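Colleague: Sending over a structure as C-alpha cells; questions will come in a sec.
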Amino acid sequence: MRGFRHWRWHLDEMYVKLNGEMVYLWRAVDHEGEILESYSTRSRDKDAALRFMKKALKRHGLPESITTDGLRSYRAAMNELGNAEKQEIGRRAINRVENSHLPFRRRERAMLRFRRIKTLQKFPSVHANVHNHFNLERHLFKRQIFKERR
C-alpha cells in the first residue's frame, strides 16, 4: 500500500465503554472509505495521537492530506511529526470516518460491549479487514459496469 501519495486520510476518535470506563478508539479511513488503522488507548492526548499516527504512517506511508476534527492533539502530534501543513480541519469534512463508525457501533451493541482492552483492539482490526473485503469499491464498480455495456 505504500506509495499512494494521492490518498486523503480522515482521522477520528470515538469513545467506547470498557467495563464502565471510557476508552478511545482512534481510526484512520482513506478517501474511498476503507479503514486503514484502528488503535485503542485510555487517553485522548498528544501522546496517544502521536502513537496512532506513527503506526498508520509506518504501515501506509505519507498521504497527500489528512483531514481531522478540531481536536488539538492532532495538531500537536502533526507538528512533532513535521507534517502539520498537510492537515485539513473541517466540521463536515470528516463525515467519511464518522460514517465508518456506524457499522462498528451496530456490531458493538450486538456483542453487548467489550470486557478487555485486548479484545477491543482485536475486534476493530478484524472487523476492518472483513469490512474492507466486502466493501463495494465504488471507484472500480462504475468502470466495471461501463466495460460490460460495451
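The values are calculated or read from the model by the stated rules, or taken from the named source; none is laboratory data. Quick caveat, the model's predicted, so the values are computed rather than measured. Neighbour counts are summed over all protein chains in view; Cβ atoms, including those assigned to glycine, are modelled from backbone coordinates with ideal geometry. Only protein heavy atoms, including side chains, enter the accessible area calculation; ligands, DNA and RNA are left aside. Shrake-Rupley method; radii C 1.70, N 1.55, O 1.52, S 1.80 Å.
Colleague: Condition first: closer than 26 Å to residue 70 by Cβ and not charged (D, E, K, R). Now tell me which residues in region 94-120 satisfy that. Walk me through it before giving the result.
Modeller: Within region 94-120, the subset closer than 26 Å to residue 70 by Cβ is 94-105, 108, 120.
Of everything in region 94-120, those that are closer than 26 Å to residue 70 by Cβ and not charged (D, E, K, R) turn out to be 94, 95, 97, 99, 100, 101, 102, 103, 104, 120.
Colleague: Separate question: Only one of (1) assigned to a loop (DSSP other than H, G, I, E, B); (2) closer than 23 Å to residue 121 by Cα; (3) in contact with a helix residue (DSSP H, G or I) (Cβ under 8 Å, 6 or more places away or on another chain) fails for residue 48. Which number is that?
Modeller: For residue 48, the failing item is (1).
Colleague: Given the condition open to solvent by less than 60 Å² (accessible area, probe 1.4 Å), under 14 Å from residue 120 (Cα atoms) and in contact with a Lys or Arg (Cβ under 9 Å, 6 or more places away or on another chain), answer yes or no: does some residue in region 61-72 qualify?
Modeller: No, region 61-72 contains no residue that is open to solvent by less than 60 Å² (accessible area, probe 1.4 Å), under 14 Å from residue 120 (Cα atoms) and in contact with a Lys or Arg (Cβ under 9 Å, 6 or more places away or on another chain).
Colleague: Out of everything in region 81-100 that is assigned to a helix (DSSP H, G or I) and closer than 23 Å to residue 58 by Cα, what residue ends up being most open to solvent (accessible area, probe 1.4 Å)? Don't jump to the end; show me each part of the working.
Modeller: Kept after step one, since they are assigned to a helix (DSSP H, G or I), are these residues of region 81-100: 81, 84-86, 95-100.
Filter again for closer than 23 Å to residue 58 by Cα, leaving 81, 84-86, 96-97, 100.
Details: 81: 61, 84: 20, 85: 135, 86: 41, 96: 86, 97: 0, 100: 14 Å².
Only one residue tops the list, namely 85.
Colleague: Among the residues in region 23-41, are any more than 17 Å from residue 131 (Cβ to Cβ) and basic (Lys, Arg)?
Modeller: Scanning region 23-41 turns up no residue that is more than 17 Å from residue 131 (Cβ to Cβ) and basic (Lys, Arg).
Colleague: Another one. From (1) open to solvent by 10 Å² or more (accessible area, probe 1.4 Å); (2) of a type outside the set (Phe, Trp, Tyr); (3) in a helix (DSSP H, G or I), pick out the condition that doesn't hold for residue 78.
Modeller: Here residue 78 clears every test but (1).
Colleague: Determine if region 4-14 includes at least one residue that is open to solvent by 10 Å² or more (accessible area, probe 1.4 Å), modelled with pLDDT of 85 or more and more than 21 Å from residue 109 (Cα to Cα).
Modeller: yes
Colleague: Something else now. Which numbered condition in (1) touching a Gly at 6+ places or on another chain (Cβ under 7 Å); (2) open to solvent by less than 60 Å² (accessible area, probe 1.4 Å) is the only one that residue 114 fails?
Modeller: Looking at each condition in turn, residue 114 falls short on (1).
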